[in-house]
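This report refers to the structure that appears directly beneath it.
The values are calculated or read from the model by the stated rules, or taken from the named source; none is laboratory data. Because the structure is predicted, anything quoted here is derived from the model rather than measured. Note: ideal-geometry Cβ built from the backbone for every residue, glycine included; neighbour counts use all protein chains shown.
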Amino acid sequence: FTEPKIAPSILSADFMNMARDVAEIEEGGAAFVHVDVMDGHFVPNLTLGVPFVAGLKKITKLPLDVHLMISNPLEQLPWYLEHTPDIVTVHAEALNADAGQFDLAIDMIHDAGCKAAIAMKPDYDVELIKPYIAKLDMVLPMSVFPGFSGQSYIQGTEAKVARIVEMAREAGVSPLIEVDGGLKANDPTRAVCAAGCDVLVAGSGVFGASDRAAAIAEMKAVAAE
Ligand code: DX5
Ligand code: ZN
């Protein structure tokens, strides 16, 4: 058993006290800062953008895990990559496979010295990721429809994690597998970890708690059960 990495989503933090909140998770045992970029088009919500990512980079030593929920990622990627976040995730639904856009996006992220990940909404067919798995540093099957924090985990995501583990093994690679949505110290966390998830995103589960360090520790404990 390897302890999962906890990636608190700052979408649930206090935006007017962001440096304080990020320091709390840094001291509290978080592995990454999960940064939810939403453009009000790919998803209904609008959150934060390039200047915010640049600012976060300056206030934390933790790796930034930037989750881009945006349309036309190929156009906007260079702006984000300029600030070299550690992991950059683009959505499969925003890329045109026939036009070679998966490879273009992954190569663009790698050329900037960042790790590349592909996210999928809950209704996306995981098999479609297979051609790219060998090039990916991380795969993110979403356990809620992206747009908002505080939603409930969609049952069955753990089977997708298991399938991704299998596809990776067949390809002879071991990308990180991240799950995002509805995770806290609960059954879904247990289920996705048992299936092989490496990185647990938690928005409300961590920042909604009064003691963020305790919330992170509880998630790790549940994952180990
Ligand atoms: C959902 C975002 C998530 C969200 C998670 O669209 O991508 O990262 O902030 O929030 P919780 O953990 O509260 O479901
Ligand atoms: Zn996210």
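Tell me which residues, restricted to the range 23-40, are farther than 20 Å from Tyr80 by Cα and within 16 Å of ligand 2 (Cβ to nearest atom). Give the derivation first.
Keep residues of the range 23-40 that are farther than 20 Å from Tyr80 by Cα, which gives 23-31.
Scanning the range 23-40 gives Ile25, Ala30, Ala31.
Just checking, which of Asp98, Asp39 is of a type in the set (Asp, Glu) and either crowded, with 17+ Cβ neighbours inside 10 Å or in contact with a strand residue (DSSP E or B) (Cβ under 7 Å, 6 or more places away or on another chain) (or both)? Can you show your working first?
Working: Asp98 fails: either crowded, with 17+ Cβ neighbours inside 10 Å or in contact with a strand residue (DSSP E or B) (Cβ under 7 Å, 6 or more places away or on another chain) (or both).
The unique qualifying residue is Asp39.
Name the one entry in Pro146, Pro141, Pro122 that is touching a Lys or Arg at 6+ places or on another chain (Cβ under 7 Å), assigned to a loop (DSSP other than H, G, I, E, B) and closer than 23 Å to Ser71 by Cβ.
On the way: Pro141 fails: assigned to a loop (DSSP other than H, G, I, E, B); Pro122 fails: touching a Lys or Arg at 6+ places or on another chain (Cβ under 7 Å).
Testing whether each residue is touching a Lys or Arg at 6+ places or on another chain (Cβ under 7 Å), assigned to a loop (DSSP other than H, G, I, E, B) and closer than 23 Å to Ser71 by Cβ leaves just Pro146.
In the range 1-23, how many residues are of a type outside the set (A, V, I, L, M) and more than 16 Å from ligand 1 (Cβ to nearest atom)? Step through it out loud before you land on a result.
So the first thing to find is which residues in the range 1-23 are of a type outside the set (A, V, I, L, M), and the list is 1-5, 8-9, 12, 14-15, 17, 20-21.
Narrowing further to those that are more than 16 Å from ligand 1 (Cβ to nearest atom): 1-3, 17, 20.
Final tally of qualifying residues: 5.
Being within 15 Å of the chain's Cα centre (by Cα) and either touching a residue at least 40 places away in the same chain (Cβ under 8 Å) or more than 12 Å from ligand 1 (Cβ to nearest atom) (or both) is the filter here; which residues of the range 146-156 pass it? Let's see the steps before the verdict.
Narrowing the range 146-156 to residues within 15 Å of the chain's Cα centre (by Cα): 146-149, 153.
Result: Pro146, Gly147, Phe148, Ser149.
For the condition surrounded by 20 or more Cβ atoms within 10 Å (Cβ to Cβ), more than 15 Å from the chain's Cα centre (by Cα) and of a type outside the set (Val, Ile, Thr), what is the one hit in Ala13, Ala7, Ala23? Steps first, answer last, please.
Values: Ala7 fails: more than 15 Å from the chain's Cα centre (by Cα); Ala23 fails: surrounded by 20 or more Cβ atoms within 10 Å (Cβ to Cβ).
Every option except Ala13 fails the conditions.
What number of residues within the range 172-197 are more than 16 Å from ligand 1 (Cβ to nearest atom) and within 17 Å of Ala116 (Cα to Cα)? Before you say what the answer is, go through the steps one by one.
Step one: of the range 172-197, the residues more than 16 Å from ligand 1 (Cβ to nearest atom) are 172-175, 194-196.
Okay, now just the ones that are also within 17 Å of Ala116 (Cα to Cα), so 173-175.
Summing the residues that are more than 16 Å from ligand 1 (Cβ to nearest atom) and within 17 Å of Ala116 (Cα to Cα) in the range 172-197 gives 3.
Restricting attention to the range 216-225, which residues are touching a residue at least 40 places away in the same chain (Cβ under 8 Å) and either within 11 Å of ligand 1 (Cβ to nearest atom) or surrounded by fewer than 21 Cβ atoms within 10 Å (Cβ to Cβ) (or both)? Explain how you work it out, then say what you get.
Within the range 216-225, the subset touching a residue at least 40 places away in the same chain (Cβ under 8 Å) is 216-217, 219-220, 223-224.
Scanning the range 216-225 gives Ala217, Met219, Lys220, Ala224.
Which residues, taken from the range 166-185, are out of contact with any strand residue (DSSP E or B) (no Cβ under 7 Å at 6 or more places or on another chain) and surrounded by 16 or more Cβ atoms within 10 Å (Cβ to Cβ)?
To start, the set of residues in the range 166-185 that are out of contact with any strand residue (DSSP E or B) (no Cβ under 7 Å at 6 or more places or on another chain) comprises 166-174, 182, 185.
Correct list: Met167, Ala168, Ala171, Gly182, Ala185.
If Val179 passes every condition in (1) of a type in the set (A, V, I, L, M); (2) within 16 Å of ligand 2 (Cβ to nearest atom); (3) in contact with a Gly (Cβ under 6 Å, 6 or more places away or on another chain) but one, which one does it miss?
All conditions are met except number (3).
Would you mention how many residues in the range 101-119 are out of contact with any His (no Cβ under 7 Å at 6 or more places or on another chain), buried (at least 16 other Cβ atoms within 10 Å of the Cβ) and not in a helix (DSSP H, G or I)?
The qualifying residues number 5.
In the range 74-89, which residues are farther than 18 Å from Asp103 by Cα and exposed (fewer than 15 other Cβ atoms within 10 Å of the Cβ)?
Within the range 74-89, Trp79, Glu82, Thr84 meet the criteria.
Touching a residue at least 40 places away in the same chain (Cβ under 8 Å) and acidic (Asp, Glu): is that true of Asp86 in this structure? Explain how you work it out, then say what you get.
Working: touching a residue at least 40 places away in the same chain (Cβ under 8 Å): yes; acidic (Asp, Glu): yes.
So Asp86 passes the test.
Looking at (1) of a type outside the set (Phe, Trp, Tyr); (2) touching a helix residue (DSSP H, G or I) at 6+ places or on another chain (Cβ under 7 Å); (3) modelled with pLDDT of 95 or more, which is the one condition that is false for Gly181?
All conditions pass for Gly181, except number (2).
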